[in-house]
Amino acid sequence: MSATLATPRPTIAFAMGDPAGISPELAAKLLALSEVRESADIVVFGDRRILDEGARVAGVDPAIETVDEAQLAASPRGRSVFVDLENLAVEDVTPKEATLAGGQFATGNFRKALQLAAAGRADAVFFTPFNKKAMRLAYPNYDDEIRFINDVLGRSGPASEFNVLGQLWNARVTSHIPLSGVAAAITREAILRSLTLADRAMRDAGFQRPRIAVAGLNPHAGDDGNFGREEIDVIEPAVAEAASRGIVCEGPFPSDTVFLRAKAGVFDAVLTMYHDQGQIAMKLMGFDRGVTLLGGFPFPICTPAHGTAYDIAGQGIANIGASREAILLAARMGREARMRAAA
Amino acid sequence: MTRPLVLTLGEPAGIGPELTLKAWLGREASGLPPFAVAAGREQLEKVARKLGLAVPFSKVEPEDAQAAFATSLPVLAGSPEIDVEPGKPSPATASVTIGSIDRAVELVRQGRASAVVTNPIAKSVLYQAGFRHPGHTEYLAALSARFWGGAEPRAVMMLWSETLAVVPVTIHVPLRSVPELLTTELIVDTARITDRDMRERFGLAKPRLALSGLNPHAGEGGALGTEDDAVVRPAVEILQAEGVDAVGPLPADTMFHARARANYDVALCMYHDQALIPIKALAFDEGVNVTLGLPFIRTSPDHGTAFDIAGQGVARPDSLIAALKLAGRLTETTES
């Protein structure tokens, strides 16, 4: 069997993000990368004028055919196109500010991209950074991406955000909640759910047998109960239960060294209990390369871990590294999905 | 005459003796200041034999340690001898472990030694022998009161490396207790001690302190927790009003990369792992534990007794070496 037959070409639905920051330059730079164009067919949603402005700022030429929605609906898979929604003029962008217009642009693009994938016409979704404040202006129910995606897809099953740095993944049990609420949210069920989701998402990304290290909650992972009992009462039983279900996991480990063990290759992922436990380590290991993957949905959704970077927008200096990693992960996962479907 | 550092015995069945020997053997390569060990020679000699390390000893008074240091490892005369197997701790040695700490602090008080560097102890072993203090640092605070008189000082733990220095405001407590234990007063108190010792011991004219937020994104304006605005920010304002160069609360996940670190000298973190995760990631082997707030200089390696590898010769002395070097540097700054 030849490689071309074994690896079907995935399609990525690409949503242009917040127009006031670095998203337009990133979109233009990405589409101009041959490595990215070779990895997948890409269907971009946005406004061609915004893309062209991003290309001007970045000094690149993202050669991509422009179509409208009707043409997209009529055309088969198998080519990259820019779907011009004509939803924002350059003069209506307020640079470096979170605005209603910016939020409407980003939510509109994201909705179309999700719908394309939900209709089975794309295998993965990618977006350049959103601005949370702008998203809220445009969509008052916007808590985070997961809530928005669930609303668009009309679903409510478990989903989670993962951070990916090269081959190292970080899954979390809790994320954007006050620290005072963390201990109560660390339940056996929540840990099991997180481990199950992480295991699934990593298998979808091509890991045959993902090995997951589970962090403790307390200093020194509780030091045998001296600094807290959650490790003994909650985390250990959850890890044992997950292991009995075939998930390759160990822990709890002290959180100040667990990432070092994982980075050394002992584990493929770390499951953390709260936001900063994972984010401090991951950002230190790769501030410019981190990818966010939203998993648990019928298709993978990837984006760079960084934000809209209003401070450096418009200068053409935005680092493409994390966006490149993110779209290539989307391509890889999309390809895996097609292979599974074909099998 | 330069007064030596005094290094405590620590847990004799742990990796302390091995690290002590290795540090002395690397004295020239590492540029170590002279130190004397507050311990008998027999246990150290036994470990040296076991590991095949050629270390000559000299039994000295502190005043003779500097002269002896170049050619032998000075141990303090009058220290009790013990005999214990590496990896097999015994409560019978607890009184000697504690006595070594007492002697080190007393020598500094008497002006016969310059600073205390401690080898790791095993609290569980000491507890079996009736030791009642929560930990090493708390015991040193108690000794400060014993030898200097007055109230017991509040000791503040700092983890220091060339790349990053961190002070956890709350330390060995369950994470669920952190929000209730964290008060504006505790933060201000910790920051004042840190600021003073960074000036007096580290020689910084105006130390720059960065305070982390407690919650994700430093609370994001209250959406992710109220403590950052209600507890941490007022502490920063009080400190600024006193003339301390303090900023915060900063989101903890974006304050530790190189560009962010260039803006401060020490990070005050709200809980243990918020401080320990970044320093272990940036300086795993070279981190030093420095106790601020005491009437004397105290450093120690930032690892434990490692009974599992004691006596095998594989323990790395990097952190002890860093602790000895830093103690020497702080002594020079403090006394200049």
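Every read-out reported here was derived from the displayed coordinates using simple, explicitly stated rules and does not represent laboratory data. None of these values were measured; they are calculated from a predicted model. With ideal geometry, Cβ positions are generated from the backbone for all residues, glycine too; neighbour counts draw on all protein chains shown.
Please give the charge dipole size of the protein assembly as shown, origin at the Cα centre, charges +1 on K and R Cβ atoms and -1 on D and E Cβ atoms. Round to the nearest 20 debye.
Once rounded to the nearest 20, the dipole reads 1140 debye.
Can you give the helix-only mean residue ellipticity at 222 nm for chain A, where every DSSP H stretch with n ≥ 4 adds -39500 (n - 2.57) and the sum goes over all residues, rounded to the nearest 500 deg cm²/dmol?
So the helix-based figure for chain A works out to -12000 deg cm²/dmol.
Residues with beta-carbon under 13 Å from that of A:PRO76, excluding A:PRO76: net charge, scoring Lys, Arg +1 and Asp, Glu -1?
Around A:PRO76, the charge tally is +3.
Select from A:PRO19, A:PHE126, A:VAL90 the residue farthest towards the positive end of the dipole of segment A:1-130; place +1 on Cβ of Lys and Arg, -1 on Cβ of Asp and Glu, and compute about the Cα centre.
A:PHE126
How high is the relative contact order of segment B:151-249? Use alpha-carbon pairs under 8 Å, at least six apart in sequence, and give a whole percent.
Here the relative contact order equals 24 percent.
Tell me the mean residue ellipticity at 222 nm calculated for chain B from its helices only (DSSP H runs of n ≥ 4, each -39500 (n - 2.57), averaged over every residue, nearest 500).
Calculated from helices alone, the mean residue ellipticity at 222 nm is -11500 deg cm²/dmol.
Of the DSSP beta bridges with both residues in the protein assembly as shown, give the percent that are antiparallel, rounding to the nearest 5.
Of the beta bridges lying entirely in the protein assembly as shown, close to 30 percent run antiparallel.
Mind ordering A:329-336, B:274-281, A:145-152, B:236-243 by average Cβ neighbours within 10 Å, highest first?
By packing density, highest mean first, the sequence is B:274-281, A:329-336, A:145-152, B:236-243.
Can you tell me the 0 to 90 degree angle between the C-alpha axis of helix B:16-25 and the longest principal axis of chain B, rounded to 10?
80 degrees
Over the alpha carbons of segment B:23-149, what is the largest minus smallest coordinate on each principal axis, giving the biggest first in Å?
39, 35, 26
If I model segment A:226-343 as equal point scatterers sitting on the Cα atoms and use the Debye formula, what is log10 I(q)/I(0) at q = 0.11, 0.12, 0.19, 0.22 Å⁻¹?
The calculated log intensity ratios at q = 0.11, 0.12, 0.19, 0.22 Å⁻¹ are -0.54, -0.63, -1.21, -1.33.
Give me a comma-separated list of calculated 3J(HN,Hα) values for segment A:192-202, in order, Karplus coefficients 6.51, -1.76, 1.60 applied at θ = phi - 60°, integers in Hz, x for any Gly or Pro.
Per-residue couplings from phi come out as 4, 4, 5, 5, 5, 4, 5, 4, 4, 4, 6 Hz.
Per residue of A:271-278, count partner chain C-beta atoms within 10 Å of its C-beta, then hand back the mean as an integer.
Average neighbour count from other chains, rounded to a whole number: 5.
Multiply the residue gap between A:SER34 and A:SER244 by 0.36 nm, knock off their C-alpha separation, and tell me the result in nm, one decimal place.
71.1 nm is the gain from fully extending A:SER34 to A:SER244.
Scale the Cα Rg of segment B:1-51 by the rule-of-thumb value 2.2 N^0.38 Å and send over the ratio, two decimals.
1.15
Relative to the Cα centre, what is the charge dipole magnitude of segment B:163-280, using +1 at the beta carbon of each Lys and Arg, -1 at the beta carbon of each Asp and Glu, and rounding to the nearest 20 debye?
Result for segment B:163-280 is approximately 480 debye, rounded to the nearest 20.
To the nearest 0.05, what FRET efficiency results for B:GLU185 and B:ASP83 with a Förster distance of 51 Å applied to their C-beta separation?
FRET efficiency, B:GLU185 to B:ASP83: 0.60.
Roughly how many Å is it from the Cα centre of segment B:179-207 to that of segment A:56-121, as a whole number?
51 Å
Partner chain Cβ atoms within 10 Å, averaged over the residues of B:207-220 - can you pull that number for me?
Per residue, the number of nearby Cβ atoms from other chains is 3 on average.
Could you work out the relative contact order of segment A:212-343, using alpha carbon pairs under 8 angstrom and six or more residues apart, expressed as a whole percent?
Rounded, it is 20 percent for segment A:212-343.
Only Cα pairs under 8 Å and at least 6 apart count here; give the relative contact order of chain A as a rounded whole percent.
24 percent
Check which residues have an amide H placed less than 5 Å from A:ARG79's amide H, if you skip close sequence neighbours.
Amide H neighbours of A:ARG79: none.
For chain B, build the charge dipole from Cβ charges (+1 Lys, Arg; -1 Asp, Glu) around the Cα centre, then report which of B:THR2, B:ILE121, B:ILE171 sits farthest towards its positive end.
Comparing the listed Cα positions along the dipole, B:THR2 ranks first.
Out of B:HIS257, B:ALA235, B:LEU294, whose Cα points farthest toward the positive end of the dipole of segment B:227-296 (charges: +1 Lys, Arg; -1 Asp, Glu; placed on Cβ)?
Final value for the positive-end residue is B:HIS257.
Quote the Stokes-Einstein diffusion coefficient, in whole µm² s⁻¹, for segment B:163-280, based on the Kirkwood radius over alpha carbon pairs, a temperature of 20 °C and a viscosity of 1.002 mPa s.
153 µm²/s
Only four residue types carry charge here, +1 at the Cβ of Lys and Arg and -1 at the Cβ of Asp and Glu. Report the dipole size of segment B:1-43 about the Cα centre in Debye, rounded to the nearest 20.
160 debye
How big is D for chain B, in µm² s⁻¹ as a whole number, if Stokes-Einstein is applied with the Kirkwood radius of its Cα pairs at 37 °C and 0.692 mPa s?
Roughly 160 µm²/s, to the nearest whole number.
Cut-off 18 Å, label point 7 angstrom out along Cα-to-Cβ of B:LYS206: give me the residues of segment B:162-180 whose amide nitrogen falls inside.
Backbone N within reach: none found.
Taking only the alpha-carbon positions of chain A and ignoring solvent, what does the Debye formula give for the base-10 log of I(q)/I(0) at q = 0.09, 0.12 Å⁻¹?
For chain A at q = 0.09, 0.12 Å⁻¹, log10 I(q)/I(0) is -0.49, -0.84.
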